[in-house]
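Working notes, structure below.
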Amino acid sequence: MAPLLDGLRYATLASYTWAQPRLLLLLPVIPLLFLGRWLLVHRRRPRLDVAFVAGQLRRDWTAGLRFLPDLVLGLSMAFGVVALARPQRTDERVVQTGEGIDILLVLDVSGSMELGDLKPNRLEAAKRVARNFIDGRVGDRIGLVVFAGDAYSLAPLTTDYDLLRENLSSLHLGMIANDGTAIGTALGVATNRLRDSRSRTKVCILLSDGENTAGNLDPLTAAQLAHAFGLKLYTIGLGKDGVVPYGTDEAGRPRYVETRLDETTMRQLAQAGEGQFFRATDNAALNRVFRQIDRYEKSEIKQTRFRNTKDYYRIYLFWCVGLWLLWLGLKNTFLTNALED
C-alpha cells in the first residue's frame, strides 16, 4: 500500500520522466467533459416550477454526495491518462575505459610577469588560459610547477581538477623570494616529477616571458634530460619584445620598461623535447596556443553508458481500475440520478 500512496506525492510525480508527455495535456480536458455533459443535460431536462415557502427548504451536507460518483469517475480517468503517459525513472551508469596522459604545467611567476602587454598582466592571463585548459581535459593527470629564481612543484600529478584550480588561483607575483628566471631548474623539477610516470604520453608545457637568468642547470641540457625520460616539451613565449607598460609611477603616470624574450633558446628547448614553440604576444594568441596544444595532445578515453529504465505506470493503472470499479458500484446506489444517466 505504501508504494501506491507514495505515487500520489508531488515530489514523486516531479521525479519522473515521461515516455508520452503530450498525453498529460488531456488532464485539463477531463473537467471539460463533465462540464459539457452537465450543459447538455441542463438544456434538455424538462423543468417543473415548484414554489416553496420560505424556511421550509433546509440545506444538508449530504446533498453534496450526489457529486461523489462524478468525482470518482474523473479521478479514474485522470489516473488512466497518467498511466498512458508512462511515468519512468532512468538510472545511468558511466564506465570510462582507456588511459589518460600526464601533463605538467610549468609557469613563470617572476617579477617580469607583471608586465601589462597581456591583460591585466602576463601572469593573470596565463592563469586564466591554464584554467580553461584544465577545464577541457578529461581523465588526464595534471600537475603544476612554478618558478622564478627557484622552482617548486606546487601540485602533484592529479585528476582532482578542483585542487588544481585552487592552486592556480593562489599564484601571485613575489610568491618565490628569489627573483629571476630559472628555466633550466624548472625543467629539472618537471622531469623529476614525470620520470616515474607510467603514462604512455608525458607532456610538459613551459610558459615563460624572459631568458634564463638564474639556476645552476643549463636549459638545453635540462630539455635533453627531459626528452631522455620520455617527456614531450612545448614552450610558450609570453609577451612582446621592446618597450611595454609596467604599472604606474608615484604620479599615476604609466611606466614603461624594455623586455626581450630569448626566443632562440625557447625554440631549441621545444626542438630538443620533440615538441613545438609558440609565441603569444597578446591574450587572443595565448588562447589559440592552448587550444592548439589541446588538439595535439588528446587522451583516448572511451565512455560506456548503461541505462536502466523502470516503468511506474502500474501504480496509476491500479488507481484507475480501482476507482472505476468504485464508480460502477456507486451507480447502483441512491447517489446516482438514473434519469440523468
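The values are calculated or read from the model by the stated rules, or taken from the named source; none is laboratory data. Predicted model, so just to flag it, every value in this text is computed and none were measured. Backbone-built Cβ (ideal geometry, glycine too); neighbour counts: all protein chains shown.
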Practice task
Counting only residues that are free of Cβ contacts under 8 Å to residues at least 40 places away in the same chain and among the hydroxyl-bearing types (Ser, Thr, Tyr), give me the strands (runs of 3 or more DSSP E) lying completely in the range 83-189 with at least 1 of them.
Solution key: 151-158
Fill in the blank from the handout: Checking 72, 106, 138 in turn, the sole residue that is among the β-branched types (Val, Ile, Thr) and assigned by TED's automatic domain parsing to the domain that holds residue 25 turns out to be 72
Handout entry: Test: residue in the range 272-286 that is out of contact with any strand residue (DSSP E or B) (no Cβ under 9 Å at 6 or more places or on another chain), small (Gly, Ala, Ser) and part of a loop (DSSP other than H, G, I, E, B)
Key = no
Exercise for the section: Pull up the range 192-218, narrow it to residues that are out of contact with any Leu (no Cβ under 9 Å at 6 or more places or on another chain), of a type outside the set (Gly, Ala, Ser) and surrounded by 18 or more Cβ atoms within 10 Å (Cβ to Cβ), then point me to the one that is farthest from residue 115 (Cα to Cα). Expected result: 201
Exercise for the section: Would you point out which residue out of 255, 288 is of a type in the set (Lys, Arg), at pLDDT 90 or above and assigned by TED's automatic domain parsing to the domain that holds residue 107? Expected result: 288
Fill in the blank from the handout: All-but-one check, residue 308 against (1) assigned to a helix (DSSP H, G or I); (2) in contact (Cβ under 8 Å) with a residue 12 or more places away in the chain; (3) among the polar types (S, T, N, Q), failing number (1)
Problem - Identity of the residue in the range 112-121, over 13 Å from residue 173 (Cα atoms) and charged (D, E, K, R), that ends up surrounded by the fewest Cβ atoms within 10 Å (Cβ to Cβ) - result: 119
Exercise for the section: Name every residue in the range 89-136 that is at pLDDT 90 or above and of a type in the set (S, T, N, Q), in order of residue number. Expected result: 110, 121, 132
Completion exercise
From the option list 218, 179, 196, single residue qualifying as touching a helix residue (DSSP H, G or I) at 6+ places or on another chain (Cβ under 7 Å) and farther than 22 Å from residue 277 by Cα is 179
Practice task
Could you check how many residues of the range 242-271 are more than 39 Å from the chain's Cα centre (by Cα), in a loop (DSSP other than H, G, I, E, B) and within 18 Å of residue 209 (Cβ to Cβ)?
Solution key: 2
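Let's see how each residue does on (1) small (Gly, Ala, Ser); (2) touching a strand residue (DSSP E or B) at 6+ places or on another chain (Cβ under 7 Å); (3) under 19 Å from residue 196 (Cα atoms); (4) surrounded by 15 or more Cβ atoms within 10 Å (Cβ to Cβ):
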{"position": "110", "(1), (2), (3), (4)": "yes, no, no, yes"}
{"position": "123", "(1), (2), (3), (4)": "no, no, no, yes"}
{"position": "141", "(1), (2), (3), (4)": "no, yes, yes, yes"}
{"position": "153", "(1), (2), (3), (4)": "yes, yes, yes, yes"}
{"position": "173", "(1), (2), (3), (4)": "no, no, no, yes"}
Practice task
Would you tally the residues in the range 230-243 being buried (at least 18 other Cβ atoms within 10 Å of the Cβ) and either out of contact with any Asp or Glu (no Cβ under 9 Å at 6 or more places or on another chain) or hydrophobic (A, V, I, L, M, F, W, C) (or both)?
Solution key: 5
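Table: residues versus (1) in contact with a His (Cβ under 9 Å, 6 or more places away or on another chain); (2) of a type outside the set (Lys, Arg).
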{"position": "228", "(1), (2)": "no, yes"}
{"position": "233", "(1), (2)": "yes, yes"}
{"position": "237", "(1), (2)": "no, yes"}
{"position": "247", "(1), (2)": "no, yes"}
{"position": "267", "(1), (2)": "no, no"}
{"position": "271", "(1), (2)": "no, yes"}
{"position": "276", "(1), (2)": "no, yes"}
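Each row is one residue, and each column tells you yes or no for (1) within 33 Å of the chain's Cα centre (by Cα); (2) surrounded by fewer than 18 Cβ atoms within 10 Å (Cβ to Cβ); (3) within 27 Å of residue 288 (Cβ to Cβ).
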| residue | (1), (2), (3) |
| --- | --- |
| 133 | yes, no, yes |
| 161 | yes, yes, yes |
| 178 | no, yes, no |
| 181 | no, no, yes |
| 184 | no, no, no |
| 190 | yes, no, yes |
Problem - Filter result (touching a strand residue (DSSP E or B) at 6+ places or on another chain (Cβ under 9 Å) and within 19 Å of residue 196 (Cα to Cα)) within the range 226-255 - result: 226, 227, 229, 230, 231, 232, 233
Handout entry: Checklist (1) in contact with a Gly (Cβ under 7 Å, 6 or more places away or on another chain); (2) assigned to a helix (DSSP H, G or I) applied to residue 224, failing item
Key = (1)
